[in-house]
Amino acid sequence: MRPALLPTAIAAAAAIAIAPAAAAGFQNLTDLDVAVAAHMGAEIGEPGGARAPVDRRLKLKACPEAPAVSGPVLGAAIVRCEPVGWSIRVPLKLDAATRSSAASPAVRVKEEDAVSRGQAVRLTVEGAGFAISRTMIADKNGKIGDMISVRADRMAKPILARVVDIGEVSVPGS
């Protein structure tokens, strides 16, 4: 689909999908795919677009307004529903030029601590067609590339994560 036709596709998909999504109480995931494609200007599987459709196993509470799409951030588009409070990351199919430009902020802070002990950080876990994230607390300082432990709270068991950007960590092997 050409980018000029994307607004029409969004309106059509929204008109068709609003009633079933609202009836089930869950967000229509096809709407999220269309919104990501419109924001990125590329369809699923195309360079610059989503790697795969949003994972159909997700059961997100229906958003009362259009979810906001931002990014790319760390190779993913971020889809948020502020009124309900959910946020998902949609992995993108990025070419070499896009990857290098997205990595440049990380290169600038490589020498400084990207995460400080006690700081709230976003832990991200990615899989085939989905990405989830949660706010955690860093147990120690870390530069980009360092492995640090993070916890949901003081009493929770620590999780080992790699620092990937300022205030961002991810689980290795995901």
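Results, tabulated for the structure shown:
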| item | result |
| --- | --- |
| Accessible surface of Phe26 - all protein chains present, 1.4 Å probe, nearest 10 Å² | 90 |
| Rg ratio (alpha-carbon, reference 2.2 N^0.38 Å) - the range 125-167 | 1.21 |
| Charge sum, other residues only, whose C-beta stays under 12 Å from Ala152's C-beta, Lys/Arg counted +1 and Asp/Glu -1 | +2 |
| The range 52-96-the range 122-151 distance, computed between alpha-carbon centres (Å) | 17 |
| Cα-projected label distance for Glu46 with Lys61, points at 7 Å along beta-carbon direction, nm | 3.5 |
| Solvent exposure, largest accessible area first (probe 1.4 Å, DNA, RNA and ligands not counted), of Arg56, Arg122 | Arg56, Arg122 |
| Additional length obtainable on full extension of the chain from Ser70 to Val84, 0.36 nm per residue less Cα span | 3.3 nm |
| Full-extension gain in nm, Arg117 to Val171, via 0.36 nm per residue minus C-alpha separation | 17.7 nm |
| Solvent-accessible surface (1.4 angstrom probe) belonging to Asp113, in square angstrom, nearest 10 | 70 |
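The values are calculated or read from the model by the stated rules, or taken from the named source; none is laboratory data. These numbers come from a predicted model, not from an experiment. Cβ atoms come from the backbone with ideal geometry, glycine included; neighbour counts cover every protein chain shown. Side chains are part of the model used for accessible areas, which takes the heavy atoms of the whole protein and leaves out ligands, DNA and RNA. Shrake-Rupley method; radii C 1.70, N 1.55, O 1.52, S 1.80 Å.
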